[in-house]
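Worksheet for the structure shown next.
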Amino acid sequence: MLLSPEAARVYILNVAVFAPLRQCFDYRFDGDRDELVPAIGARVWVPFGRSQRVGVVLAWRESSATEVEKLKAVLECLDDPPLLTAQALELAAWSARYYQHPPGDVIAAMLPTWLRRRRGLPVQVMDGWTLTEHGEQAVENQQVSGERQVRLLRLLSRKSVTSAAVLADEPSGWRPVMRRLLARGWVEQHQIENDRQSLPQPVATTTVALNEEQQAAANLIETHVGGFKAIVLQGVTGSGKTEVYLEAITQRLAAAQQALVLVPEIALTKQLVARFQDRFGNQVGVIHSALSDRERALTWDACRRGQIGVLIGTRSAVWSGVPNLGLIVVDEEHDSSYKQQDGFRYSARDIAIVRAQLEGVPVVLGSATPALETLANVERGKFLRVRLDQRAQAAAMPRIHCVDVRGLQLIGGLGHHLVTAMREHLARGEQVMLFLNRRGYAPLLICRSCGELRRCDRCDAYLVYHKHINAARCHHCDSHRSLRWMTRCCEAEETVPIGLGTEQLEEAVRELFPEHNICRIDRDSVRRVGALDEILQAVAEHRIDILIGTQMVAKGLDFADITLVGVVDADSRLHSIDFRAEERLAQLLIQVAGRAGRAAKAGTVLVQTHQPEHSVLQRIIADGYEAYARVALQERRETQLPPYAAMAIVRAESPVATRPSEFLQQVRNLLLSNEPANSEISYPLPALMERRAGRYRALIVIRNPHRAQIGRILSESLLQVDALARKIRVRWSLDIDPQDTL
């Protein structure tokens, strides 16, 4: 909170300003002002250069390197009490040191977007609606046309005031319907207090009886409550990891504590959120990027006030204020979505582990396919592992078969064996899922006359053909152009698509199975808000027979009647030059296979490939992920790659082709001058896609057996690197523990 002035008339405050600068700044605060002195952790509005910025008070100082009279004065204190606790600031300080990132940027990332600007917390009010007398008459006289209008009016008739929270479970698009009802005078809108404790409590579902493995896992988590421990919950797909989470969280809520649950993608985990809400009612809060800034700030504040018992969120939720934290859960901990890929490049999984350590609570890392870094920490004894080797409710593991399609005629990418299996499963009234990790109609466009492959004008990438808009699109800079207006490559130009994407696969499946309902899930088909939820609801209600999708369908789906999963093309990731590619392929195949046979019906997985003898496929399919991980870890150990060595990447980009390499060569020389013991620093390398969105890109890779050594040589050089970047005029970034190495 704000503190009363003491004898001194001027206070010196050290402030982390929300700006990409590596130092913090001293400001003065005059004690004779009417307002009280800003406390540590409070936001302040300060002059910065020729403008003003938001910052956070980190400390009070007795003196400053600048004369007090020359210090700029704090213009306004924005918080009473402060928003950030001492523990939050300690986590921010650790993150800024580890990731070598400006502290102001780190602290800004800890706050919702709403609070990064000069404004207070949003008012805790929400919309509500009541049925008018005209509306009641319209319902009685059957004057209402439209199923959705009737549904809303009947819902409103049950309560004096119906809030937006009550309508949150309605199908998307209810707000336009409500506006039409308002225009007709059938409903009235009100502003009501958003008191979470007054929201209706859902009826809790019957608690699922845990099997022996699940109960043992829950008991193990409970034994480590009250102190830090990283527990890896490695369970096969469908083994009931979520039930273990629920049981562990139930114990924490009973002890008046809170839980933080991280998920990789909120859109595909609606089922998980629904299960949490069924169990814990309105104690559950959700934070993710699909919410408005105001909605995220309201949930963030409610959690900070202790009004939320279980906070579920994507990557950024790891920073949320949870004052009575008792447990952290990181679901699908292997997922690359936990790594921020631009700006402040942090790993939410790793931040969760450090936060649990700082706050003295256990952290549960759940996955059927743990990251190799996680398994290495189990191997070293740093993490404790508990296994769930059986599917819940006696469901059998799916049978995985490798299908050799060499020399076969494929129809839209589908071989005869897979088509036959689809017919058999559909005939039994079961559902089928097809996986192809390439959206669009075809990944390439080629001129049959001159053989030219059509490229993006701004990137070193081939254009992808999208038939539904008859346009070629770059999936890297998102530029697109109609085929009618493309530059001619030759006099006899005849551009045709080659290769297979999800659009073309859907087209082929519709021709093969015209009597069945078919749906496609990829970034193109679910652009409209709520579209994904509608599709998943249709799958759950068995209104869709064949589901086609990219990696969006590889996780978070739990449908009892999907008994056949077809991996249309397993070859695309077998020969990547990224050393993590095989690990991601193994995880993806296991996760996709896990969508089959989730209930009593047996599941089958067919993996089409032109290289059935490939060692990675053989290990994954014949022996499972555990066998693959053992071999992969041994290979990483022998080649001194992560997790057996630390790695960092310095990237640079510029519209001028020569500048990134020139800059990086000077950075390399600078780092070598700091005597980087045991460090390997590569020469400048072009990025795998050297030109992207009109900018040329290059990188250098730093590798050392010890992370502390990388941190030391970087911290001693960063101010000079910043100066070099300004001189040569390049953008640059630093990526500690990179997930994408090229």
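Each reported figure results from applying straightforward, stated rules to the coordinates on display, with no laboratory input. Values in this document were obtained by computation on a predicted structure and should not be read as measured data. Here Cβ is always computed from backbone atoms with ideal geometry, including for glycine, and neighbour counts include all displayed protein chains.
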Q) Rounded if a/c is under 1.5, else prolate if a/b beats b/c, else oblate: with a ≥ b ≥ c from the C-alpha gyration tensor eigenvalues square-rooted, which is the stretch 499-551? A) oblate
Q) For the peptides 625-631, 512-518, what is the packing order when you average, over each peptide's residues, the other Cβ atoms within 10 Å and list the highest mean first? A) 625-631, 512-518
Q: Quote the FRET efficiency, to the nearest 0.05, computed for Ala256 versus Lys382 with a Förster distance R0 of 25 Å and r equal to the Cβ-Cβ distance.
A: 0.25
Q. Using r as the Cβ-Cβ distance of Arg729 and Ala274, and R0 as 56 Å, what FRET efficiency do you calculate, to the nearest 0.05?
A. 0.65
Q | Beta bridges per DSSP with both ends in the chain, % antiparallel, nearest 5 | A | 55 percent
**Q.** Percentage relative contact order, the stretch 444-498, counting C-alpha pairs under 8 Å, at least six apart
**A.** 40 percent
Q: Please get the size of the charge dipole for the chain, origin at its Cα centre, with Cβ charges of +1 on Lys and Arg and -1 on Asp and Glu, quoted in debye to the nearest 20.
A: 1320 debye
Q | Zone residues, the stretch 686-700, relative to Arg481, backbone N less than 15 Å from point 7 Å out along Cα-to-Cβ | A | 693-694
Q: Can you run the Rg to Rh ratio on the stretch 10-116? Use alpha carbon positions and the Kirkwood inverse-distance Rh.
A: 0.94
Q: Would you give the gap between the C-alpha center of the stretch 360-412 and the C-alpha center of the stretch 660-689, rounded to a whole Å?
A: 37 Å
Q: Over all alpha-carbon pairs of the stretch 444-498, lay out the pair-distance distribution in 10 Å bins, whole %, shortest bin first.
A: 27, 59, 14
Q.
Using a Förster radius of 51 Å, what is the FRET efficiency between Leu512 and Glu222 based on their Cβ-Cβ separation? Nearest 0.05, please.
A. 0.50
Q: Enumerate the calculated ³J(HN,Hα) couplings along the stretch 417-426 in order (Karplus 6.51 cos²θ - 1.76 cosθ + 1.60, θ = phi - 60°), each rounded to whole Hz, writing x wherever the residue is Gly or Pro.
A: 4, 5, 4, 4, 4, 4, 4, 5, 5, 5
**Q.** Distance between the stretch 530-562 and the stretch 606-632 - C-alpha centres, whole angstrom
**A.** 27 Å
Q | MRE, 222 nm, helices only [DSSP H, n ≥ 4, -39500 (n - 2.57), over the chain, to nearest 500] | A | -9000 deg cm²/dmol
Q) In nm, to one decimal, how far is the modelled label at Asp623 from the one at Arg180, with both set 7 Å along Cα→Cβ? A) 6.1 nm
Q: Could you pull the Cα extents of the chain along its three principal axes, largest to smallest, in whole Å?
A: 85, 76, 62
Q.
Given bins 5 angstrom wide, list per bin the percent of all Cα-Cα distances in the stretch 568-689, short to long.
A. 2, 8, 14, 15, 13, 12, 11, 9, 8, 4, 2, 1, 0
Q: Please work out how much length the chain gains when fully extended from His401 to Asn678, using 0.36 nm per residue of separation minus the C-alpha to C-alpha distance, in nm with one decimal.
A: 95.2 nm
Q.
At 7 Å along Cα-to-Cβ for each site, give me the label-to-label distance between Gln537 and Leu685 in nm.
A. 4.8 nm
Q: Return a whole-number percent for the relative contact order of the stretch 319-468, with Cα pairs under 8 Å and 6 or more residues apart as the contact set.
A: 14 percent
Q: Kindly write out, for the stretch 669-676 in residue order, the coupling ³J(HN,Hα) from the Karplus curve 6.51 cos²θ - 1.76 cosθ + 1.60 (θ = phi - 60°), rounded to whole Hz, with x marking Gly and Pro.
A: 4, 5, 5, 5, 5, 8, 6, x
Q | Relative contact order of the chain, defined on C-alpha pairs under 8 angstrom at six or more residues apart (%) | A | 10 percent
**Q.** Length released on extending from Leu641 to Gln611, taking residue separation times 0.36 nm less the Cα-Cα span
**A.** 8.2 nm
Q: Could you order peptides 632-643, 690-701 by the average number of other Cβ atoms within 10 Å of their residues, highest first?
A: 690-701, 632-643
**Q.** Ser715-Arg154 pseudo-label distance in nm [points 7 Å out on the Cα-to-Cβ vector]
**A.** 6.5 nm
Q.
Using the Karplus curve 6.51 cos²θ - 1.76 cosθ + 1.60 with θ = phi - 60°, what ³J(HN,Hα) values do you get for each residue of the stretch 730-742, in whole Hz, with x for Gly and Pro?
A. 10, 8, 9, 8, 10, 10, 8, 6, x, 9, 10, 8, 10
Q.
Under 17 Å between alpha carbons, and skipping anything fewer than 8 positions from Lys241 in its own chain: which lysines qualify?
A. Lys270, Lys555
